[in-house]
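Enquirer: The structure follows.
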Amino acid sequence: MTRTTAVRLRPTMLRLRKVVFYLFVTAYLVACPLTILYAFGYVFRPGTEQGMLKTGVLSLATAPPGAAIYVNGRRYTKRTPAVLQGLRPGAYRLKLAVKHHEPWGPRMVSIEAEKATVLDRVLLLPRRLRHAPLLPDAFDTLLPIPETHVLLLMKGPKLADLVVYDWDSAERWPFVPPGPLGEERLASPPIVTRGSPFVLVRVKRPDGERVLWAELRNGETRLTDLTRLFPARPLAVAWDPRAPERLFSLKDSAVNRLEVSAMTISPRLAGRVRGFGVSGQTLYVLTEHDTLQRLDVEGRLLETVFGIPRVGEPFFGAKSLFRLTALTDERILLLGERGEFVAVWRPFRLVEDGVRGFELDARRQRLLVWRRDRVGIMDLAPADAGNGSLHPPELRWVFEEGRDIEQAFWVHDGSQALLQDNGVVTLLEWEPDGEPVVHELLRVKPGRPVSYTDESGRLYYLDRATGRLSALDILPRREPGFLR
């Protein structure tokens with residue numbers, strides 16, 4: 001190239017560089033503000049009045065993690081757990097899928113401006129559910145002890161037919177050692193209480209009943225004979241898991257205190273009683289006059305929680321015996337033997353009929369409540385009405401197509417529920433704006449209890465055909481990035 005040609009090209013290169021520079025500055029001035037606005041949740045939408053649109057966020061997490069994400073049929077490169085930003089307000093069709101598992105959806109989810117829609121507990125069930133036999137024996141009945149690692153298994157009516165199984169250690173042992181005691185027959189099902197490794201059993205003898213107090217711990221059963229503390233069969237027995245050496249019994253409309261270590265009885269701590277419960281050093285009693293009271297363990301009145309004047313029919317019905325559960329001194333649940341369910345929330349009282357049971361989700365302050373044909377959720381957190389007053393807790397029915405619901409459990413940190421409905425065990429999912437989704441998991445003999453806890457992530461049941469204790473994995477095994 002000659003010197004003359006190079007001189008001619010130099011102005012051209014300078015003009016080209018200027019053009020590129022101005023294009024870069026223009027792109028920067030346009031893209032940089034848009035990028036900053038996008039980071040703050042705005043997108044540019046031609047045709048809108050202001051040209052800018054506020055967006056929302058979708059946060060997703062699944063068990064197991066690593067699910068592919070499809071929004072309106074479009075697959076994202078991200079996998080769960082993930083946060084999708086910059087979504088315009090509206091309804092989106094969402095699907096989540098991971099290999100060897102049933103897909104979740106497609107379902108419609110709503111995105112609102114300046115808000116995050118959070119689906120952080122999506123459970124994806126395996127296409128092939130894994131059933132694991134745990135014991136080779138055939139059993140007739142499984143008796144769970146909630147909030148413990150222990151299951152009681154029964155082969156027949158004798159004490160020797162009782163077997164204890166610790167699902168955490170996979171250890172089993174006989175309820176009583178071999179010998180004459182094992183030949184004695186149960187007079188009624190064992191009495192258990194939530195969170196306690198102690199069991200109360202009554203056995204038949206020619207000279208009357210014998211009452212045994214059993215501690216199930218560390219692969220052995222420690223027995224104490226409490227027959228002298230029970231001269232007659234009580235209507236109900238209760239104890240606090242934190243103080244198992246002190247029992248309370250209801251007999252002839254009076255509450256008695258029984259001290260196991262001292263083998264003493266303190267009779268008639270409270271009279272004219274039709275229901276009671278124990279929590280710590282407090283005794284809660286419902287009197288025949290529809291008064292709910294708090295007493296100390298000596299029977300001294302601490303407080304009248306509420307009293308209802310008698311006008312016509314009694315507020316709590318005429319005949320039912322109630323079981324009381326105190327969540328706090330001001331939050332008390334009463335469940336009658338005929339299904340009357342009363343939630344006492346100062347200053348509110350809520351009444352439902354036909355309730356069979358409830359389960360507490362303590363972390364989220366919710367109750368799972370079930371009747372024969374339906375399952376509901378009660379939010380226990382006080383709701384502000386906006387004028388300084390509070391709304392009473394609301395019981396919202398999320399499933400109303402049951403046949404004979406006998407049990408229900410929270411699953412996956414309260415995001416789903418497990419139902420035992422006339423022998424059919426199902427997993428129930430619900431959405432605020434959608435229909436409930438029911439997955440059938442297995443079938444057991446109707447009337448045979450099952451047991452579930454998030455701690456193990458397993459459902460324990462007796463196989464319908466063989467009677468063997470078996471387990472079904474509901475939650476995936478612990479994996480990196482997934483917390484139970």
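Enquirer: Measuring from a point 7 Å past the Cα of Leu181 along Cα-to-C-beta, which residues in the range 205-227 have an amide N at less than 16 Å?
Expert: Counting only backbone N, you get 205, 210-227.
Enquirer: Return the sequence-ordered ³J(HN,Hα) values of the range 437-448 in whole Hz as given by the Karplus equation 6.51 cos²θ - 1.76 cosθ + 1.60 applied to θ = phi - 60°, using x for Gly and Pro.
Expert: Going residue by residue, I get 10, 10, 10, 6, 9, 6, 10, 10, 5, x, x, 9 Hz, with x marking Gly and Pro.
Enquirer: How far, in nm, would the chain grow between Asp225 and Glu147 when pulled straight, counting 0.36 nm per residue and subtracting the alpha carbon separation?
Expert: On the way: separation 78, 0.36 × 78 = 28.08 nm, distance 2.54 nm.
Full extension of this stretch gives 25.5 nm more.
Enquirer: Which order do the peptides 393-406, 320-333 take when ranked by the mean count of other beta-carbon atoms within 10 Å per residue, highest first? Could the numbers behind the result be given before it?
Expert: Details: 393-406: 15.7, 320-333: 17.4.
Result, highest mean first: 320-333, 393-406.
Enquirer: Just to check I understand the Karplus step: with θ = phi - 60° and J = 6.51 cos²θ - 1.76 cosθ + 1.60, what whole-Hz values come out for the range 144-160, glycine and proline as x?
Expert: Whole-Hz 3J(HN,Hα) from phi for the range 144-160: x, 10, x, 6, 10, 9, 10, 10, 9, 10, 10, 9, x, x, 8, 4, 5.
Enquirer: Ok, one more. So how much slack lies between Ala113 and Thr291, counting 0.36 nm per residue of separation and subtracting their Cα-Cα distance, in nm? Please list the in-between numbers first.
Expert: Working: separation 178, 0.36 × 178 = 64.08 nm, distance 4.96 nm.
So the chain would gain 59.1 nm between Ala113 and Thr291.
Enquirer: Also, quick follow-up: Which loop trypsin sites (Lys or Arg not before Pro) in the range 154-229, with loop taken from DSSP, have no more than 14 other Cβ atoms within 10 angstrom of their Cβ? Mind showing how you got there, number by number?
Expert: On the way: sites: Lys155, Lys158, Arg172, Arg185, Arg194, Arg202, Lys204, Arg210, Arg217, Arg222, Arg228; in loops: Lys155, Arg194.
Here the sparse-neighbourhood loop sites are Arg194.
Enquirer: Next question. Accessible area of the range 130-287 with a 1.4 Å probe: how many percent of it is carbon plus sulfur?
Expert: Values: 3600 of 7180 Å².
After summing per-atom areas, the C and S share lands at 50 percent.
Enquirer: What number comes out for accessible area per residue over the range 102-220 if the probe is 1.4 Å? Units Å², please.
Expert: Values: 5940 Å² over 119 residues.
I get 50 Å² per residue for the range 102-220.
Enquirer: I want to check the label-to-label distance for Asp373 and Glu330. Put each point 7 Å from Cα in the C-beta direction and report it in nm to one decimal.
Expert: Distance between the two pseudo-spin positions: 3.8 nm.
Enquirer: Is the shape of the range 136-259 rounded, prolate or oblate, going by the alpha carbon gyration tensor and its root eigenvalues a ≥ b ≥ c, with a/c under 1.5 for rounded and a/b larger than b/c for prolate?
Expert: Working: a/c = 1.97, a/b = 1.30, b/c = 1.52.
Oblate is the answer for the range 136-259, as a/c is 1.5 or above yet b/c matches or exceeds a/b.
Enquirer: Next question, about the same structure. Just subtract the alpha-carbon distance of Val351 and His391 from 0.36 nm times their residue separation and send over the number in nm, one decimal.
Expert: 12.9 nm is the gain from fully extending Val351 to His391.
Enquirer: Now for a separate question. Once phi is turned into θ = phi - 60°, what whole-Hz ³J(HN,Hα) does the Karplus curve with 6.51, -1.76 and 1.60 give for every residue of the range 94-100, x standing for Gly and Pro?
Expert: 10, 9, 10, 8, 9, 4, 6
Enquirer: Estimate the FRET efficiency between Ser261 and Arg363 by the formula 1/(1 + (r/R0)^6), using the beta-carbon distance for r and 41 Å for R0, to the nearest 0.05. Don't skip to the end; give the middle numbers.
Expert: Working: r = 35 Å, r/R0 = 0.85.
That pair, Ser261 with Arg363, gives E of 0.75.
Enquirer: Going down the table (Lys319/Lys445; Lys251/Lys319; Lys54/Lys78; Lys155/Lys204; Lys158/Lys204), which pairs top 20 Å between alpha carbons? The partial results should precede the final answer.
Expert: Working: Lys319/Lys445 32 Å; Lys251/Lys319 15 Å; Lys54/Lys78 23 Å; Lys155/Lys204 17 Å; Lys158/Lys204 10 Å.
Checking Cα-Cα distances, Lys319/Lys445; Lys54/Lys78 exceed 20 Å.
Enquirer: Can you give the relative contact order of the range 125-281 as a percent, counting alpha carbon pairs under 8 Å and 6+ residues apart?
Expert: Rounded, it is 12 percent for the range 125-281.
Enquirer: Using 7 Å Cα-to-Cβ label points, what is the Asn72/Lys54 separation (nm, one decimal)?
Expert: It is 2.1 nm.
The values are calculated or read from the model by the stated rules, or taken from the named source; none is laboratory data. Quick caveat, the model's predicted, so the values are computed rather than measured. FYI the Cβ positions are ideal-geometry reconstructions off the backbone, even for glycines, and counts take in every protein chain you see. Only protein heavy atoms, including side chains, enter the accessible area calculation; ligands, DNA and RNA are left aside. Shrake-Rupley method; radii C 1.70, N 1.55, O 1.52, S 1.80 Å.
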